[in-house]
Structure formats: structure tokens, C-alpha cells
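Okay, structure first, notes after.
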Amino acid sequence: MTDIHVLGISAYFHDSAAALIRNGEIIAAASEERFSREKGDARFPAQAAAYCLAEGGIQVSQLDAIGFYEKPVIKFDRILSTYIGMAPRGFRQFRLAGPLWIKDKLWVERNIREYFKSYKGRIYFSEHHESHAASAFFPSPFQEAAILTMDAVGEWATASIAIGRGADLAIVKEMRWPDSLGLLYSAFTYFLGFEVNSGEYKVMGLAPYGEPKYVDLIYKNLVDLKEDGSFRLNQEYFAYLDNLTMTNDLFAGLFGQPVRKGESELTQSDMDIARSIQFVCEEIMLRMARTAHAETGLDNLCLAGGVALNCVGNGRILREGPFKNIWIQPAAGDAGGALGVAQLIWHREFSGARRVDPGRDSMKGSYLGPAFGDQEIENYFRSVGASFHRVDRDELLRKTAQLLADRKVVGWFSGRMEFGPRALGARSILADPRDPRMQSELNLKVKFRESFRPFAPSVMAELAPEYFELDVSSPYMLIVAPVKESRRTPQLEREDLRGIERLRSPHSEIPAVTHVDYSARIQTVARESNPDFYDLLVQFNQITGCPLLVNTSFNVRDEPIVCSPKDAYDCFMRTNIDVLVAGPFMLHKSEQDDWAETEAWPWKFPQLG
């Protein structure tokens, strides 16, 4: 049989990406930001697409289909209709957005053909939420499942329920613009002084420091929530329809404070607002999940869309929802749409079969990005005059585990880069979870970010239930679960501490990965998906009796996760990472010569507390 190659593309809004499948198998997928080094890069994913083709060993002319993850003309119709409906108030926003549509966003097919001049085949377009749904269902380990997608907005839809059976997928219910859970959460992200489309996870991390004091106020004034999870937003308080901001003065008046300025001190009120919107978000997610179950009658649930990155809500769906099993696309945001449209084309246009391995998904651990050979890594280190040691695998794992046990911070660069926003043991910064100082040390001295931000544990899969209230796998770090009571240290909790001050009190025997509400965002690690990372955990467990590590993404604030040996070395030298392990090579900071900046870098921020 002749191989069928399909390239999927998402672009022009945020987090553009490309994905390549061959005969239904996922060959490669990556976000453009990892190559361009521009956080959330929305430009056409030329470098990501070039990588995917190279990984597949094919030329552009050998592609059988190219797909785009949404329908720009329909999306433009929604945008134009909104501007006209709000005229003349929306003119300023249209004046800025209009030229971008005329230049690029409306002419996607033209742009694709300009980038891929030797491609002569058809270009396909799917609907935005259909791409999300496909990315969630087709790689899942389920023969049939309900599919729930939730985000800001696609063409008109803001959330959808679909049914997947075998190689078929059909949307059966949707919610429409301007009522949007993603935009509701983003409005609060904006109001709390964080950047929309990238700061939502900061709101989620801030929420446990607060109390849900404003829930009733939100329901009374902002959100008319129905039992089925649908809702209406009171647009009197929002500005995203006709302005360049998310909220207005009425919104600020409702909470008795102005929009928080970025980098300013967080107040207890800010934390209470974060906790309140997180509570509302979780309730909406739960109600939508129950409706998906009622509509489909199925026991399996697949999730995608940007809201599916709210891993606290995912954990509640798992524990409290009606489904027996859930699976979440690791690249749940717009980047995953590139994979979804490619899979839709394979199954619909080429009548491609779908192979399901019960209990195992087809994402290959989400290790779908580029890998770098030993010689390539060594050549780079030599080119910059780095001091390094080449170490055999077993000794490398043993030495790294011992360094971690000695409270050293390790940059870990191994194998193929992850697809999606989470570091999963390929491009990770690792540390000892038992050290009560490690959470603040990593935030302030390595990541250069806000001190309240929690860190995630990566744990040997079979030992996860010994530490966490979790009896399913969580390979993509997309589920938050409680730390087991037997591992907690509530007797150390200080009743007089509030807000960020609660960080001073260790909450468990693994304090660096235990949030103030005794929760953790967990990655379960299996040997078959990442043998080197798994065996490092084994070694650490043998030395310390602890089978887990702090795992945070190998980057600093406002920088994409590292992709190449250069990216890893630069991040290592610019931060207080003690040791870099890249392939078979180990670099100690203490052995490096003084290093001077050669280019601008985004981590030079005001001091963060």
C-alpha cells in the first residue's frame, strides 16, 4: 500500500503548530514557538512544518493532503457581525484587527500554497471545535467516547459535545458566541493583571490562596448558569465585544477595585477573586460533563480545548463526574487543532482505519518533537567552549539522582521534545520534592517568576497511589489530585498565616510539590513511554526512598520551553540551574567559564516576591 501523508496546520491566533500523520500514525507534531523562540507565536508554522516533514523523511510534494484547523471565512463572518452589531463602539478594535484579516487570516489557502509551492493537492478546512474533538478522540484509548471541547471561541462555537465511535466523529450539541467559559476565565485573568491566553494557569495556581467569597456575586451579576452547564454572560460588564480590553469599569466597580497592574503586589482580594472564578469554572465544567454523559450515554470522556488545560477542573470531573474513564489531549489548546484536522482528513477523506489499543493512547507519550543526536549535542558544546563529561547511561542516571538528592537543580534534556505546554521528562528542570525551600528557590532563582506558583511531581506510575488520591494514570500532567492524608503534615500549618504567607508552612513530606490546599498536578511516568526518565526516578527512589521528583518546564518566565542544545545551554548558563544533563553529557555550572550575554532575553524583570 502506498503511504498516505497528511499535514495539519494551526495558525494566526496563538500557539501555531504543525502535525504530520502517516497512514493514521502520528509521526511528528510541534509548536512554532519552540523554533522561533517567541512565546505563543501565532505566525504561520513554517519551521514546525519543516521539522515535521524532515522527521517523516518526506518532501512537500509527497504530501497527500494539507489541512487547516478551522474555517477562516466563517470566523471572519462572526467577527464582522460582532463589529457591525456593536457599531460604532467597535470601530477602534476593527481598525486594528481588520488589516490582519485582510493580510493573512482570510487568505489561508493562498498562504499555504506560497509556503509549500511544490504542493499541488487539495487543502482542507475543518471547523475549530471539530478539530479539537478529533484531537481528543482519535488518539484516545477508547473505541467509543463522549467528547467535550471548551475554549474561548472558534468560528461561532465556544463549547461542544460530540460522539466518537471507531473512525467516526459527530458534534451533537454546542454553545455559541458570545457566551464562553474560556473568555469568562480570560476576563478574570486580565482583571487580575495576567496576560490573556498565557496567564490563565496563574489564576488557577493563585486560587488556593483565597476563599470563594465572590461566587454569589458572579452568579448574580455576570453568569446566568443553567443546570446543563450552558450559561449567558451579562455583557454589560465585559468589553471584549467592542474594545481592546476584556472587562470594563462596571466590572471593576462590582469587585470594588481596578484592574491589577502587572508585577504589583497581589492582595488577599485578588486571591479571593481567583478562587471564586476557579470555583465557578469547575462547576460549569462539571455540569457540562454531566450533560455530555446524559446526551451520549457513554462511559468514556475525551477532553480538549484550552479550558481542558484547567487540570483542577479535570480532577474534579474524574472524581465527581459520571464517567468511568477520561482522557485529555496533552496539546489541548489551539496547537492540538493541527493534529485534529490531520486525523479528520485521514479518516474522512481517505477512509483510513483507526487502530485502538485498549488502555493505551496513540500519542507516544506526546514525545513528538525533535530529538538531537549525541554528536550534534557534543559539537554544540564544543563550539561554545563548554566544559562537559560524557557518561555511560547507568552511571549518568546514578550520578544525576545523587545530585538531585544533594539538593542540586538539574536541567534535563533527553530524547524527543514534548508536544503541548507541559514538560514531561524530555525538556524538564528537576529537583528534590522533599526540600521545603525548593518551591520558592525554583520560582525566584531559576524560573524568575511569581513565588506563589506551584510545581508538579513526576512519579513512578505504580507508586503514585502511595502518595496521591489517584488510581488512574496521568501521563500528561493534566489532572490535579489530593496528596494522601498519610503524607500530609497538617500539624505544621499555622493558623495565623493567610494568602501567600501560607507558603512558609510545609504541607506534606513532599512540600515542594504540595500546594497550599494539599493538592498536586501529577505526572505518572511509565518505563515504556520514557525509559530514561523512569529509570532516573527509580535511582532517586533507591537513594532517598522517594519515587518522585519536582518536574517543571525547562524555560524561564515568558520564554518557550527549550528545544535545541543551544536553547538548553543558554537557559542553563543564564539561571541558577546547577547541572545540565543533555543526552549522555553532564555539565556542572561550577566548571563553566564566565559567560556573557550575546542577545536580549526576556527574564530581566522587576524583582518578584
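None of the figures in this text is laboratory data; all of them are computed from the coordinates on show. Only a predicted model underlies this, so the values are computations on that prediction, with no experimental measurement involved. Reconstructed Cβ throughout: ideal geometry from the backbone, glycine too, with neighbour counts over all protein chains shown.
Ser486 to Lys213: extension gain in nm, 0.36 nm per residue of separation minus the Cα-Cα distance?
95.3 nm
With +1 on each Lys and Arg Cβ and -1 on each Asp and Glu Cβ, how big is the dipole of the chain about its Cα centre, in debye rounded to the nearest 20?
Numbers: 69 positive and 81 negative charges, 133 e Å.
Charge dipole, the chain, about its Cα centre: 640 debye, nearest 20.
Using only Cα atoms, locate the centre of the range 547-595 and the centre of the range 114-141, then give the distance between them in Å, rounded to an integer.
With the range 547-595 and the range 114-141 each reduced to a Cα centre, they are spaced 34 Å.
Please figure out what share of the DSSP beta bridges in the range 374-591 is antiparallel and state it in percent, rounded to the nearest 5. Provide the component values of the computation, followed by the final result.
Working: 24 of 31 bridges.
Around 75 percent of the beta bridges assigned by DSSP in the range 374-591 are antiparallel ones.
Ranked by Cβ crowding within 10 angstrom, fewest neighbours first, how are Thr158, Thr544 ordered?
Details: Thr158 25, Thr544 17.
Placing the least packed residue first, the sequence is Thr544, Thr158.
Which one, Leu148, Pro258, Phe138, projects farthest toward the positive side of the charge dipole computed for the chain from Cβ point charges (K/R +1, D/E -1)?
In the chain, that residue is Pro258.
Check Ser451: other-chain or 5+ apart residues with amide H under 5 Å from its amide H, H built from backbone geometry?
Hits under the 5 Å cutoff: Gly609.
Please say if the range 555-596 is rounded, prolate or oblate, where rounded means a/c under 1.5 for a ≥ b ≥ c the square roots of the C-alpha gyration tensor eigenvalues, and otherwise the choice is prolate for a/b larger than b/c and oblate otherwise? Intermediate values should be presented prior to the final figure.
Values: a/c = 1.97, a/b = 1.26, b/c = 1.56.
Since a/c reaches 1.5 but b/c is at least a/b, the shape of the range 555-596 is classed as oblate.
At Ala54 and Lys226, where each label point lies 7 Å from the Cα along Cα→Cβ, what is the point-to-point distance in nanometres?
5.1
Run the simple label-point estimate for Glu263 and Glu114 please: 7 Å along Cα→C-beta, distance reported in nm.
3.6
Read through the labelled values (1) 0.99; (2) 1.14; (3) 0.95 and report the label of the one computed as Rg/Rh (Cα atoms, Kirkwood Rh) from the structure.
It is the one labelled (3).
May I ask you to evaluate 6.51 cos²θ - 1.76 cosθ + 1.60, the Karplus curve with θ = phi - 60°, for each residue of the range 173-180 and list the ³J(HN,Hα) values in order in whole Hz, giving x for glycine and proline?
7, 8, 9, 10, 3, x, 8, 8
Compare the peptides 264-272, 554-562 by average per-residue count of other Cβ atoms within 10 angstrom and give them in order, highest first.
Numbers: 264-272: 16.1, 554-562: 22.3.
Result, highest mean first: 554-562, 264-272.
Using the beta-carbon distance between Lys445 and Leu254 and R0 = 51 Å, what value does 1/(1 + (r/R0)^6) give for FRET efficiency, to the nearest 0.05? Before the final figure, lay out each step's value.
Numbers: r = 38 Å, r/R0 = 0.75.
Between Lys445 and Leu254 the formula returns 0.85.
In nm, give the distance between the simple-model label positions of Arg382 and Arg122, each being 7 Å from the Cα along the Cα-to-Cβ direction.
Those two pseudo-labels are separated by 5.1 nm.
Considering only Cα-Cα distances, which of the following residue pairs are longer than 18 Å: Lys213/Lys484; Lys566/Lys589; Lys75/Lys120; Lys408/Lys447? Provide the component values of the computation, followed by the final result.
Numbers: Lys213/Lys484 27 Å; Lys566/Lys589 16 Å; Lys75/Lys120 26 Å; Lys408/Lys447 15 Å.
The pairs that break the limit, which is 18 Å between Cα atoms, are Lys213/Lys484; Lys75/Lys120.
Suppose the chain between Val538 and Arg437 were pulled fully straight at 0.36 nm per residue; how much longer would it get relative to their current alpha carbon spacing? Mind showing how you got there, number by number?
Values: separation 101, 0.36 × 101 = 36.36 nm, distance 2.34 nm.
Here the answer is 34.0 nm.
Straight-line reach only, C-alpha to C-alpha below 15 angstrom: list the aspartates and glutamates that Lys202 could link to, leaving out same-chain residues fewer than 8 apart.
Straight-distance partners of Lys202: Glu263, Glu265, Asp270, Asp272, Glu450, Asp558.
Residue by residue through the range 355-360, which ³J(HN,Hα) values in whole Hz follow from phi under the Karplus form 6.51 cos²θ - 1.76 cosθ + 1.60 (θ = phi - 60°), with glycine and proline marked x?
Those phi angles translate into 9, 10, 9, x, x, 9 Hz.
For the range 128-171, list residues with backbone N below 17 Å from a point placed 7 Å from the Cα of Asp299 toward its Cβ?
Taking a point 7 Å out along Cα→Cβ of Asp299, the residues of the range 128-171 whose backbone N falls under 17 Å are 141-147, 164-166.
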